[in-house]
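Asks: Pasting a structure below so you can have a look.
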Amino acid sequence: MNLNTISPNPDFTVSVLDQRLLPHVEQYEILRTVEDCIEAIADMWVRGAPLIGVTAAFGMAYAAREAQENEHPEGYFQSLASHLASSRPTAVNLQWAIDRQLALAAQKEMSFEALWDEAVTMLEEDAAACRRIAEHGLPLLQAIFSQTKKTVNVLTHCNAGALATVAWGTATAPVYLAHAQGIPVHVWVDETRPRNQGAHLTAWELAKAGVPHTVISDNAGGHLMQQGKVDIVITGADRVAANGDAANKIGTYLKALAAKDNDIPFYIAYPESTLDASIADGLRDIPIEERSTEEVTHIQGWDEEAAALRTVRLTPSASAAANPAFDVTPARLITGYITDSELLRP
Ligand code: MRU
């Protein structure tokens with residue numbers, strides 16, 4: 001399942017699918033500079049931890065090229081790397097990609113070509129890692145199907161799909177593989193306020209792949225679990241700490257609580273680049289991004305009459321709003337981790 005979220009071009013530009021416009025408009029943007037990459041990450045033209053990492057890897061190649069033209073190449077390169085690292089704080093894949101490129105730059109005298117080739121390698125590695133996540137998660141869905149002989153109902157939150165990676169996705173990867181192998185699957189898609197990555201992105205890509213799915217309000221998951229309509233919850237992660245605590249889109253924690261209360265397995269799917277072994281206690285130390293309150297006070301949708309995207313206000317202009325964009329699910333609520341190397345229990 002490849003949606004061409006990011007592709008390098010022969011002229012050393014990078015095409016990215018502009019996810020701000022989905023599902024209504026399919027438009028690509030061209031990145032040419034490190035500043036373009038920073039804007040694409042901060043404004044969420046690209047989003048999802050693995051895709052942020054790969055975009056940053058190309059950003060570092062541009063940073064190396066731009067630094068060569070500066071009076072103080074080394075210092076300027078480091079300052080561009082720091083600027084890039086600050087574009088989004090929660091997904092550790094961003095810092096992981098930057099650190100990998102910084103190490104290579106130190107060996108290869110900040111060669112643009114070397115860093116560009118490395119970014120292409122990281123892109124290919126991400127698709128391969130997600131494919132392995134698919135293989136490691138597939139037995140979970142197969143086991144449910146063998147036991148129930150009915151459609152396997154998966155609930156997911158946010159978009160940890162092909163759009164959040166180079167291909168396949170993380171949480172969706174086992175679903176795509178199960179679907180391809182003829183296992184009947186159905187996905188409950190949390191809309192994921194405030195930016196609605198579920199309603200806009202996960203629904204769009206599942207529809208494209210022909211996977212049966214239903215979009216639900218974020219508050220419906222607990223009720224569906226009580227009704228026996230959810231067999232398994234699978235989400236992605238933006239950072240997994242050494243103690244197994246996992247940061248993911250705001251609202252994931254509530255789904256984990258509801259799953260625990262209903263004895264429903266709750267899995268986190270992630271590639272190695274999302275593991276942050278330097279953080280011992282995720283709940284205490286994973287940084288949580290605070291995004292603009294406008295994402296809460298306003299909502300974007302498609303005006304069918306005008307055939308255009310519109311943003312409208314939802315809240316009284318006198319009301320304050322807050323927008324923590326991620327939460328941390330403690331390891332005790334996580335049944336297991338579907339990684340690119342294995343299926344892990346806490
Ligand atoms: O703010 P976003 O859209 O970048 O948040 C994305 C998520 O929370 C995903 O679930 C996570 O990055 C995993 S992506 C494979």
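The values are calculated or read from the model by the stated rules, or taken from the named source; none is laboratory data. Quantities reported herein were computed from a predicted structural model and do not represent experimental measurements. Glycine also receives a Cβ, built like all others from the backbone with ideal geometry; neighbour counts cover every protein chain displayed. Accessible surface areas use protein heavy atoms only, side chains included; no ligands, DNA or RNA. Shrake-Rupley method; radii C 1.70, N 1.55, O 1.52, S 1.80 Å.
Asks: Gain in length, Ala307 to Arg284, computed as 0.36 nm per residue apart minus the alpha-carbon separation, to one decimal in nm?
Replies: Here the answer is 3.7 nm.
Asks: Oh, and also: Taking only protein heavy atoms and a 1.4 Å probe, what accessible area per residue, in Å², does the chain have with all protein chains in place?
Replies: For the chain, the per-residue accessible area is 41 Å².
Asks: Could you size up the charge dipole of region 100-207 around its Cα centre, putting +1 on the beta carbon of Lys and Arg and -1 on that of Asp and Glu, and report it in debye to the nearest 20?
Replies: On the way: 8 positive and 11 negative charges, 122 e Å.
Approximately 580 debye in magnitude.
Asks: For Phe326, list long-range residues whose amide hydrogen, built 1.01 Å from N in the peptide plane, is under 5 Å from its own amide hydrogen.
Replies: HN-HN under 5 Å from Phe326: Ile250, Glu289.
Asks: What's the long-distance tail for region 61-189, i.e. % of Cα pairs beyond 22 Å?
Replies: Tail of the P(r) past 22 Å holds 50 percent of the pairs.
Asks: Now, a different point. What FRET efficiency do you get for Val25 and Thr121 if R0 is 25 Å and r is their Cβ-Cβ distance, rounded to the nearest 0.05?
Replies: Working: r = 31 Å, r/R0 = 1.25.
With a Förster radius of 25 Å, E is 0.20.
Asks: Same structure again: Kindly write out, for region 192-203 in residue order, the coupling ³J(HN,Hα) from the Karplus curve 6.51 cos²θ - 1.76 cosθ + 1.60 (θ = phi - 60°), rounded to whole Hz, with x marking Gly and Pro.
Replies: The phi angles translate into 6, 5, x, 9, 6, 4, x, 5, 7, 9, 5, 4 Hz.
Asks: Rg and Dmax of the chain over Cα atoms: what are they, in angstrom?
Replies: Looking at the chain, its Cα Rg and Dmax stand at 19.8, 67 Å.
Asks: Just the Cα atoms of region 194-242: what Rg and Dmax do they give in Å?
Replies: 12.9, 37
Asks: At q = 0.12 Å⁻¹, what is the base-10 log of I(q)/I(0) for region 197-346 according to the Debye formula with one equal point scatterer per Cα and no solvent? Please give it to two decimals.
Replies: Each listed q corresponds, in turn, to -0.63.
Asks: Sequence gap at least 6, Cα distance under 8 Å: using those rules, report the relative contact order of region 206-346 to the nearest whole percent.
Replies: Result for region 206-346 is 28 percent.
Asks: Can you give me the Kirkwood hydrodynamic radius for region 134-192, using every pair of distinct Cα atoms, in Å to one decimal?
Replies: About 11.6 Å for region 134-192.
Asks: Which of Ala331, Gln300, Ser341 sits closest to the plus end of the dipole of region 276-346, meaning its Cα is farthest towards the positive end, when Lys and Arg get +1 and Asp and Glu get -1 on the C-beta?
Replies: Checked the options; the winner is Ala331.
Asks: Further question: What are the ³J(HN,Hα) couplings of region 13-27, residue after residue, when phi is run through the Karplus curve with 6.51, -1.76, 1.60 and θ = phi - 60°? Round to Hz, x for glycine and proline.
Replies: 9, 10, 8, 10, 6, 7, 6, 5, 9, 6, x, 8, 10, 9, 9
Asks: State the number of lysine pairs found in the chain whose Cα atoms come within less than 19 Å, restricting to pairs 8 or more positions apart or on distinct chains.
Replies: 5
Asks: Grab the beta carbon distance between Ser146 and Thr214, set R0 = 41 Å, and tell me the FRET efficiency rounded to 0.05.
Replies: Taking R0 as 41 Å, the efficiency between Ser146 and Thr214 is 0.95.
Asks: Find how many whole Å separate the alpha carbon centroid of region 321-346 from the alpha carbon centroid of region 203-245.
Replies: Between the Cα centre of region 203-245 and that of region 321-346, the gap is 13 Å.
Asks: While we're here: Report in % the part of the accessible area of the chain that belongs to carbon and sulfur, leaving out ligands and nucleic acids; probe 1.4 Å.
Replies: Carbon and sulfur atoms account for 50 percent of the accessible area of the chain.
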